[in-house]
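The values are calculated or read from the model by the stated rules, or taken from the named source; none is laboratory data. Note that the coordinates shown come from a computational prediction; the quantities given were computed from them, not determined experimentally. Cβ sites come from the backbone with ideal geometry, for glycine too, and all protein chains shown count toward neighbours. Heavy atoms of the whole protein, side chains included, go into the accessibility calculation; ligands, DNA and RNA do not. Shrake-Rupley method; radii C 1.70, N 1.55, O 1.52, S 1.80 Å.
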Amino acid sequence: VSHPFASGILAGAGGGVCQVTVMGPCTYLVTATVTGDRSKSVLQIAKETFASRGLRGFYPGGTAIAFRQATNWASRQGFTEKTREVISERRYTTKTAKLTPTEEVLAGVIGGGLSCWNHPFEVARIEMQARANAGQKHLSMLQVFRAVVAESGVRGLFQGIIPRLGLGIWQTLFMVTGAKMLRKYME
C-alpha cells in the first residue's frame, strides 16, 4: 500500500495482532498479581496457571488484547500519518512536505492521544483476566462491556484513561515519531 495513512493502519494492525502472542501471558500475570492473592509470587501464579489450565490459561481476554493491540498500533501509525498530512497541507500546501522536528513531535502527540479511543478494550482485557484469575465464569468481550456499563455507566469503559493517554503519547513519540525522525536523519 503506497498511501502512508493506509500503510500505517495495515502495518499497525498486523503488528498489534502479532503482539498478542507475547502480551497475553504478560498482561495476564500482571493482572493476576495485582488483583489476586498478594501472597503469591509471579512465578507461583505462572506455575499454578500452567498446571491447572495449560498454556491456554495465560490467554483469557485474548480477544480484547487482539482488538486493543491491533487498534493501538493501527491508530498510532494511522492518526500520526494523517496528522502529518494535515500539518503539511496547512503549512506548506502539500501533503508531502518535510515537517520540522517540532511539527513531527506535535503529530506524534496528537496521534498518540487519539489512539486511546480504544481504551474500552483495555478495560475489557483487565476485567476478563481478573475474572479468570479469580476462577469466575468466562464472559465474552461484549458481555464484559455490558457488565461494566451496567455497573459504572459508559464512563466505566474509560476508567484509567488519563495514564493511558500519557502511555499512548510516549509510545507514539518513541516508536512512531522517533523512529521516523531517526530514519530521516540517517538518510
inquiry  = For the range 1-66 and the range 128-187, what is the centre-to-centre distance using only Cα atoms, to the nearest Å?
reply    = 12
ask   = How much FRET efficiency would the formula 1/(1 + (r/R0)^6) give for Leu10 and Ala134, where r is the Cβ-Cβ distance and R0 is 25 Å, rounded to 0.05?
value = 0.10
request  = Check the range 82-187 and count each lysine pair with an alpha-carbon distance under 26 angstrom, considering only pairs eight or more places apart or from different chains.
outcome  = 8
ask   = Any idea what angle helix 119-133 forms with the longest principal axis of the chain, computed on alpha-carbon atoms, 0 to 90 degrees, nearest 10?
value = 20
query = Which label marks the calculated value of P(r) over Cα pairs in 10 Å bins from 0, in percent, given the options (1) 10, 31, 29, 18, 9, 2, 0; (2) 9, 36, 37, 16, 2, 0; (3) 9, 30, 23, 17, 13, 7, 1, 0?
reply = (1)
query = Rounded to the nearest 0.05, what FRET efficiency is calculated for Val34 and Thr93 with R0 set to 41 Å and r the Cβ-Cβ distance?
reply = 0.20
message = For the pair Leu55/Val154, report the inter-label distance in nm, with labels modelled 7 Å from Cα in the Cβ direction.
response = 4.1
ask   = Ordered by packing density, taken as the mean number of other Cβ atoms within 10 Å over each peptide's residues, highest first, how do 6-12, 163-169, 132-138, 67-73 rank?
value = 67-73, 6-12, 163-169, 132-138
query = How large is the accessible surface per residue of the chain, computed with a 1.4 Å probe and reported in Å² as a whole number?
reply = 57
task = Per DSSP H run of at least 4 residues, take -39500 (n - 2.57); add these up for the chain, divide by its residues and hand me the 222 nm value, nearest 500 deg cm²/dmol.
result = -24500 deg cm²/dmol
request  = Give me the angle, in degrees from 0 to 90, between the Cα long axis of helix 101-114 and the longest principal axis of the Cα atoms of the chain, rounded to the nearest 10.
outcome  = 40
